[in-house]
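This report refers to the structure that appears directly beneath it.
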Amino acid sequence: MKTNEVLERIRQIESPLKRQLLMAALITNLLEQKGKDVPIVIGGCALSYYSREVYFTADIDLAYADREALGTVLKNIGFVKQGRYWVNEDLKMAIEVPASILVGEDSPIEIVEFGEGLQCRIIGIEDLIIDRLNACKYWKSEVDCEMVELLIKKYIKELDWAYLEKKAVIPENNVLSELLELKGKVK
């Protein structure tokens with residue numbers, strides 16, 4: 001599929017999340033064509049995906065190290081750098097790259113397929129839960145507290161609890177007691 005065709009397809013999609021994920025897939029495809037690593041969707045966009053759009057975000061957060069390659073791709077598809085965001089006024093989309101990489105080589109990834117060679121990668125739900133649990137505990141974010149509880153309720157039987165607990169005890173996280181409290185509350 002040609003870039004212009006994908007951009008037109010994005011314009012026609014009503015669901016903000018589907019538009020965002022297809023844009024992430026297009027960016028992924030364009031970076032792969034250049035022989036580059038692929039970005040990972042993180043943050044609010046990932047939360048919107050796992051919560052099935054209970055949570056909404058206006059921007060796409062990506063983890064990506066090669067900012068120069070990403071910048072070139074974004075410019076080529078109509079994005080302009082504005083502060084910490086890349087903005088495409090025509091599509092009413094914004095992209096932020098708050099992280100260079102995901103921590104840990106064993107981090108699970110979700111792959112969303114769009115057909116015709118288009119796919120995007122999303123941070124695994126366990127890492128997203130840890131990230132949001134940190135925001136809940138350390139930033140006192142009530143929305144993140146609620147979202148973590150929602151995700152644990154929704155996915156309790158599918159979560160890799162050994163992985164979650166391993167990540168929760170890492171000193172920079174230190175959220176094991178909160179995680180176990182939520183697990184007990186949800187059951």
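The values are calculated or read from the model by the stated rules, or taken from the named source; none is laboratory data. As the structure is a computational prediction, the values presented were derived from the model and not from experiment. Here Cβ is always computed from backbone atoms with ideal geometry, including for glycine, and neighbour counts include all displayed protein chains.
So is Leu179 part of a helix (DSSP H, G or I), at pLDDT 95 or above, within 18 Å of Leu47 (Cβ to Cβ) and not acidic (Asp, Glu) or not?
Yes, satisfied.
Among the residues of the stretch 155-172, what is the count of those that are out of contact with any Asp or Glu (no Cβ under 7 Å at 6 or more places or on another chain), part of a loop (DSSP other than H, G, I, E, B) and under 13 Å from Glu126 (Cα atoms)?
Residues in the stretch 155-172 being out of contact with any Asp or Glu (no Cβ under 7 Å at 6 or more places or on another chain), part of a loop (DSSP other than H, G, I, E, B) and under 13 Å from Glu126 (Cα atoms): 3 in total.
From the set of residues in the stretch 1-47 that are assigned to a loop (DSSP other than H, G, I, E, B) and among the small types (Gly, Ala, Ser), which is surrounded by the fewest Cβ atoms within 10 Å (Cβ to Cβ)?
The qualifying residue surrounded by the fewest Cβ atoms within 10 Å (Cβ to Cβ) is Gly35.
Residue-by-condition table, conditions (1) of a type in the set (D, E, K, R); (2) surrounded by 18 or more Cβ atoms within 10 Å (Cβ to Cβ):
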{"position": "Asn76", "(1), (2)": "no, no"}
{"position": "Gln82", "(1), (2)": "no, no"}
{"position": "Tyr85", "(1), (2)": "no, no"}
{"position": "Glu89", "(1), (2)": "yes, no"}
{"position": "Val97", "(1), (2)": "no, yes"}
{"position": "Ile101", "(1), (2)": "no, no"}
{"position": "Ser107", "(1), (2)": "no, no"}
{"position": "Gly115", "(1), (2)": "no, no"}
{"position": "Leu118", "(1), (2)": "no, yes"}
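Of (1) of a type outside the set (Gly, Ala, Ser); (2) at pLDDT below 95; (3) over 23 Å from Gly115 (Cα atoms), Lys81 satisfies all except one. Which?
(2)
When residues of the stretch 87-134 are filtered for being among the basic types (Lys, Arg) and either out of contact with any strand residue (DSSP E or B) (no Cβ under 6 Å at 6 or more places or on another chain) or modelled with pLDDT under 95 (or both), how many remain?
2
Considering only the stretch 67-78, how many residues are closer than 30 Å to Leu151 by Cβ and either at pLDDT 95 or above or among the hydrophobic types (A, V, I, L, M, F, W, C) (or both)?
So the answer is 2.
Considering only the stretch 66-86, how many residues are out of contact with any strand residue (DSSP E or B) (no Cβ under 9 Å at 6 or more places or on another chain), in contact (Cβ under 8 Å) with a residue 24 or more places away in the chain and farther than 22 Å from Glu8 by Cβ?
Counting residues in the stretch 66-86 that are out of contact with any strand residue (DSSP E or B) (no Cβ under 9 Å at 6 or more places or on another chain), in contact (Cβ under 8 Å) with a residue 24 or more places away in the chain and farther than 22 Å from Glu8 by Cβ gives 2.
Condition test on Leu118, is it assigned by TED's automatic domain parsing to the domain that holds Leu17 and of a type outside the set (Phe, Trp, Tyr)?
yes
Search the stretch 3-19 for residues that are free of Cβ contacts under 8 Å to residues at least 12 places away in the same chain and at negative phi and pair each with any residue that is part of a helix (DSSP H, G or I) and of a type in the set (D, E, K, R) when their beta-carbon atoms are under 9 Å apart and the residues are at least 6 apart or on different chains.
Correct list of pairs: Ile13/Arg19.
Across the stretch 111-154, what is the number of residues that are part of a helix (DSSP H, G or I), under 30 Å from Glu32 (Cβ atoms) and in contact with a helix residue (DSSP H, G or I) (Cβ under 6 Å, 6 or more places away or on another chain)?
Number of matching residues: 7.
Just need a number here: residues in the stretch 53-73 that are part of a strand (DSSP E or B) and either of a type outside the set (Val, Ile, Thr) or surrounded by fewer than 13 Cβ atoms within 10 Å (Cβ to Cβ) (or both).
Qualifying residue count, the stretch 53-73: 4.
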